[in-house]
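What follows is a short report on a single structure.
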Amino acid sequence: MTSVRSHRPLLSGNKWFIVLVALLVGACSPKVRTVPVATKPVAEKPVAKPEKAPAKPKPVEAKSSVVSLILPLSLDKLAPGQSYSSADLKKANMSVEYYQGFKLALDSVATDGANFKLQVYDSKDDAAIHSLGLNPQVKNGDLIVGPIFPEDIRLFAAMFQYSRKPLVSPLSPASPTLFNNQNLVTMTPPLEYHAKSAATYIVTKLKPKKVYILNSGFSDEKLYTAPFKRTIDSLSKRKIQVVPFTVVRGNLTPLVAQLNNKEQSVFLVPSTKQAFLMVTLKSLDTLSRKFPVTVFGHPNWEKFAFLKANLLQRLKTHITSTDKVDYKSPETNAFIRMYRRVYRTDPTDFAIKGFDEGLYFGQLLARDDDSYRRVEQNDFTGLHNSFHFEKKPGQGWINTHVNILRYENFELKPVQ
């Protein structure tokens with residue numbers, strides 16, 4: 001059984017429905033008096049006393065796991081005189097989509113006999129988040145999922161710094177080093193783990209002699225390149241040389257003398273800047289006519305419409321991703337049919353993420369042990385991504401599972 005504590009928003013297309021459900025059940029039994037009836041006196045006969053029936057044991061109520069969802073719904077914007085900004089509406093839509101997927105997952109687990117109490121709270125501002133951190137219904141529950149955004153997670157994580165309660169960061173890829181909470185569960189792998197996964201694949205599968213890092217000069221690229229280089233050096237025992245190179249106006253001529261037309265040259269391009277990428281990838285395309293070239297790009301490349309699939313395919317481009325849904329799989333299609341039946345709309349990526357995470361934690365909570373406190377021992381393959389957690393002191397549990405994708409037939413396909 002799944003119950004929702006507060007207003008439950010539902011989304012169908014572009015319409016909002018805010019539903020408040022309250023069940024009031026009362027029972028009253030009338031008192032009955034027995035009136036004696038006059039009869040003729042008869043000789044008394046000994047009457048055997050009936051044996052007292054054994055008392056029926058009281059049914060044991062199933063354990064109910066309390067889950068608190070903290071989402072940026074901004075329900076105060078529904079009040080008269082208030083309105084949603086486009087940014088607030090985008091956050092609210094995302095929250096509703098995630099909630100619907102999460103609740104559908106708990107409902108699915110509940111059909112096998114599990115019992116959940118789902119409490120939904122609005123993290124509309126810092127004051128609301130602080131109040132929720134003091135709320136005994138939140139503090140005494142089994143699991144807290146949310147808030148969503150890094151600044152909100154930081155505030156909430158500080159309030160639960162010394163608690164043993166799992167605090168789930170459901171969507172943010174922000175590094176857990178920012179939050180200093182040993183019970184934080186980071187569901188979306190941070191950028192560091194994308195870099196490590198790409199480096200591991202290069203060392204174990206491609207085994208090149210050199211890897212070239214093509215920098216644009218912006219310091220934020222070090223968030224990717226630093227763990228990438230450390231992993232290459234560690235796994236290859238420095239047998240694979242990492243060559244950093246700052247590209248100016250797409251000029252790759254200084255590298256030509258180091259290339260071999262009989263060996264694969266691997267290039268990491270960590271930039272997300274459109275102007276830099278357009279020029280640099282064009283130069284790599286020219287270079288690939290004389291030398292075998294394999295490119296590894298930033299995970300955000302998947303979202304960039306300006307990057308053309310035919311160019312990326314010629315460069316044998318690989319990217320890392322945690323957001324790959326196989327829409328041809330029977331499991332995905334079964335979920336889509338169920339979601340449509342319940343909500344009368346198609347699921348978004350956020351709904352699918354909510355379903356994966358709700359199913360994962362719902363199944364762990366349904367066990368008689370405390371498995372939900374030991375996620376590093378429980379792997380999971382979902383529709384959207386898989387979960388493989390590492391426990392790190394002061395950082396909590398981090399999902400490290402990252403997919404390696406490659407452009408084939410003008411679309412991204414998994415290579416492992």
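The values are calculated or read from the model by the stated rules, or taken from the named source; none is laboratory data. Note that the structure is a prediction, hence the values are computed from the model and not measured. Virtual Cβ from ideal backbone geometry, glycine too; neighbours counted across all protein chains shown. The accessibility values were calculated without ligands, DNA or RNA, using every heavy atom of the protein model including side chains. Shrake-Rupley method; radii C 1.70, N 1.55, O 1.52, S 1.80 Å.
Listed values for region 274-286 are Karplus-derived 3J(HN,Hα) couplings in whole Hz (6.51 cos²θ - 1.76 cosθ + 1.60, θ = phi - 60°), namely 4, 4, 5, 5, 4, 6, 5, 5, 5, 5, 5, 5, 5, and x replaces Gly and Pro. Partner aspartates and glutamates whose Cα lies under 16 Å from the Cα of K290, excluding those fewer than 8 positions away in the same chain, are identified as E263. Remark: region 328-341, residue by residue, has Karplus-estimated 3J(HN,Hα) of 9, 6, x, 5, 5, 5, 5, 5, 4, 5, 5, 5, 4, 5 Hz, where x stands for each Gly or Pro and the curve is 6.51 cos²θ - 1.76 cosθ + 1.60 at θ = phi - 60°.
How about region 320-394: which chymotrypsin sites (Phe, Trp or Tyr not before Pro) there are in a DSSP loop, with at most 13 other Cβ atoms within 10 Å of their Cβ?
Numbers: sites: Y327, F335, Y339, Y343, F350, F355, Y360, F361, Y372, F380, F387, F389; in loops: Y327.
Here the chymotrypsin sites (Phe, Trp or Tyr not before Pro) that fit, given the DSSP loop and packing criteria, are Y327.
Measuring nothing but protein heavy atoms, the accessible surface of region 140-262 at 1.4 Å probe radius is 52 percent carbon and sulfur. Taking a straight Cα-Cα cut-off under 16 Å and skipping sequence neighbours fewer than 8 places away in the same chain, the aspartates and glutamates within cross-link reach of K91 are D76, D122, D125, D126, E151, D152, D349.
Of the cross-linked pairs K63/K103; K207/K282; K207/K353; K165/K391; K237/K316; K77/K303, which ones have a Cα-Cα span greater than 23 Å in the structure shown?
On the way: K63/K103 18 Å; K207/K282 25 Å; K207/K353 34 Å; K165/K391 15 Å; K237/K316 26 Å; K77/K303 30 Å.
Checking Cα-Cα distances, K207/K282; K207/K353; K237/K316; K77/K303 exceed 23 Å.
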